[in-house]
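Written below as structure tokens is the structure these notes are about.
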Amino acid sequence: MLNIQHIHHVAILTDNYAVSKQFYTEVLGFEVMAEVYRQERQSYKLDLSINGRYQIELFSFPDYKERASFPEAKGLRHLAFAVENVEAAYEFLKSKNVDVQTVRVDEFTGKKFLFFYDPNGQPLELYEM
């Protein structure tokens, strides 16, 4: 048995490091844990966290490949983050000029949620706690 405890991190590849770094830190509020430039790969690696948890590794590579990123595409469907108030989060994202879908209600839990995209087209979800 593997005895997995929790998800350690999620890796995201960007084609515009500066824009993605700004989005994840200034818009979504992730904290920078570490940032490294790897000359041999011509690549940045940015480690991000919220409250010291849920780490995201943000990478930039000059030879990235485009991938379908629709929420219903095969593979990683989307990343979901818990928030206290989805309506307030919706208004905040709109104030930052993020294209946000309308707030919906989960028919099974009664909780509010919404979808939007990061600068790379990665589908993201905010789900009310």
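How high is the relative contact order of the chain, in percent, counting Cα pairs under 8 Å that sit 6 or more residues apart? Intermediate values should be presented prior to the final figure.
Working: 215 pairs, mean separation 28.7, N = 129.
Relative contact order for the chain comes out at 22 percent.
How tilted is helix 86-95 with respect to the longest principal axis of the chain? Cα atoms for both, answer in degrees (0 to 90, nearest 10).
Long axis of 86-95 versus the principal axis of the chain: about 50 degrees.
Measuring from label point to label point, each 7 Å out along Cα→Cβ, what is the Glu66 to Leu13 span in nm?
In this crude spin-label approximation the distance works out to 1.4 nm.
What percent antiparallel are the DSSP beta bridges of region 22-129, to the nearest 5?
Values: 20 of 25 bridges.
So the antiparallel bridges in region 22-129 amount to around 80 percent.
Over the chain, with a Gaussian network built from C-alpha contacts below 10 Å, which listed residue (Tyr24, Tyr64, Tyr90) shows the highest mean-square fluctuation?
Of the options given, Tyr64 has the highest mean-square fluctuation.
Assuming 0.36 nm per residue, please report the length gained on full extension of the stretch Thr109 to Asn85 beyond their Cα-Cα distance.
Result for the pair: 7.1 nm of gain on full extension.
Would you please give the residues with an amide H less than 5 Å from that of Phe30, counting only those at least 5 places away or on a separate chain, with H modeled from the backbone geometry?
So Phe30 has HN proximity to Thr25.
Taking DSSP loops as anything outside H, G, I, E and B, show the longest stretch in the chain free of GluC sites (Glu not before Pro) there with at most 14 other beta carbons within 10 Å. Intermediate results must be reported in sequence, preceding the final value.
Details: sites that count: Glu66, Glu72, Glu84, Glu107.
Segment 1-65 is the longest.
Only helical DSSP H runs with n ≥ 4 go in: add -39500 (n - 2.57) per run for the chain, normalise by residue count and round the 222 nm mean residue ellipticity to 500 deg cm²/dmol.
Details: 2 runs with 16 residues, N = 129.
-3500 deg cm²/dmol, from helical runs alone.
What list of ³J(HN,Hα) values in whole Hz, one per residue of region 40-55 in order, does the Karplus curve 6.51 cos²θ - 1.76 cosθ + 1.60 (θ = phi - 60°) give from phi, with Gly and Pro shown as x?
4, 9, 6, 9, 8, 9, 10, 9, 10, 8, 10, 6, x, 10, 6, 5
Output the pairs from Lys65/Lys112; Lys45/Lys112; Lys45/Lys94; Lys21/Lys65 with a Cα-Cα distance over 30 Å in this structure; if there are none, say none. Intermediate values should be presented prior to the final figure.
Details: Lys65/Lys112 34 Å; Lys45/Lys112 33 Å; Lys45/Lys94 28 Å; Lys21/Lys65 19 Å.
Beyond 30 Å between Cα atoms: Lys65/Lys112; Lys45/Lys112.
Calculate, in nm to one decimal, what Lys96 and Tyr127 gain on full extension: separation in residues at 0.36 nm each, minus their alpha carbon distance. Intermediate results must be reported in sequence, preceding the final value.
Values: separation 31, 0.36 × 31 = 11.16 nm, distance 1.88 nm.
Length gained between Lys96 and Tyr127: 9.3 nm.
Computed from the coordinates by the stated procedures, all read-outs in this text should not be read as laboratory data. Computed from a prediction, not measured in an experiment: that's the story for all the values here. Every residue, glycine among them, receives a Cβ derived from its backbone with ideal geometry; neighbour counts consider all protein chains shown.
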